[in-house]
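Please treat every number below as a calculation from the coordinates, not as lab data. These numbers come from a predicted model, not from an experiment. FYI the Cβ positions are ideal-geometry reconstructions off the backbone, even for glycines, and counts take in every protein chain you see.
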Amino acid sequence: MGHRVPNHKSKCRNPHGHRYRLELTVRGAVIATQGDSSEGMVHDFGDLKTALTKHIHDVLDHGFMLAESDTTMRAFYESCDEEFRVVVVPFIPTAENIACWCYEQLNGVIPRSLKIARLRLFETPNSWADYLPENAE
Ligand SMILES: [Zn+2]
């Protein structure tokens, strides 16, 4: 996904992209119902992968996350005759804010029996932000 940090003092103000990676950690009770498809699991990994793919990956992949306050880039996209995958958000698309956005996308989608304990968004293999909902205001 592409982004830019419009006010950044250095190179991050240029439009560029990352191979973001998102880790989701959930908390919940192990299902003890004998014979249940998910017996012995907190939740089926496949169901979580489906939710992440639909609500995060497919929305952002090969797109550009654009701050609504970024009038320069908004003017560029609005002047284009082609349609591009642009996700306009009310915040600067830093790793911290994107991790929080991912939480908002997933909260209410994953089953109520699960709590999102952590979302870790890697911008690069060595740079990431953690969103810990229980510590959020
Ligand atoms: Zn970046």
Check your understanding: Looking at VAL5, VAL86, VAL59, which is the one that is under 21 Å from the mean Cα position of the chain (by Cα), surrounded by 12 or more Cβ atoms within 10 Å (Cβ to Cβ), more than 27 Å from LEU132 (Cβ to Cβ) and among the β-branched types (Val, Ile, Thr)?
Key -> VAL86
**Study point:** Residue count for the stretch 13-35, restricted to those that are surrounded by 16 or more Cβ atoms within 10 Å (Cβ to Cβ) and not aliphatic (A, V, I, L, M)
**Key:** 1
Check your understanding: Scanning the stretch 100-120 for residues that are more than 21 Å from VAL30 (Cα to Cα) and without any contact (Cβ under 8 Å) to a residue 40 or more places away in the chain, which turns out surrounded by the fewest Cβ atoms within 10 Å (Cβ to Cβ)?
Key -> GLU104
Check your understanding: Quick check: is even one residue across the stretch 6-21 within 23 Å of PRO125 (Cβ to Cβ) and either hydrophobic (A, V, I, L, M, F, W, C) or away from the ligand (no atom under 16 Å from the Cβ) (or both)?
Key -> yes
**Study point:** From the options GLY46, GLY28, residue that is within 19 Å of VAL109 (Cβ to Cβ), away from the ligand (no atom under 15 Å from the Cβ) and touching a Leu at 6+ places or on another chain (Cβ under 8 Å)
**Key:** GLY28
Review point. Of all residues in the stretch 89-99, which are outside any loop (DSSP other than H, G, I, E, B), crowded, with 18+ Cβ neighbours inside 10 Å and in contact with a strand residue (DSSP E or B) (Cβ under 7 Å, 6 or more places away or on another chain)?
Key: ALA95, ILE98, ALA99
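Results for (1) part of a loop (DSSP other than H, G, I, E, B); (2) touching a residue at least 24 places away in the same chain (Cβ under 8 Å), shown as yes or no for each residue.
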residue: ALA29; (1), (2): yes, yes
residue: THR33; (1), (2): yes, no
residue: SER37; (1), (2): yes, no
residue: VAL42; (1), (2): yes, yes
residue: LYS49; (1), (2): no, no
residue: LEU52; (1), (2): no, yes
residue: VAL59; (1), (2): no, yes
residue: HIS62; (1), (2): yes, yes
residue: LEU66; (1), (2): no, yes
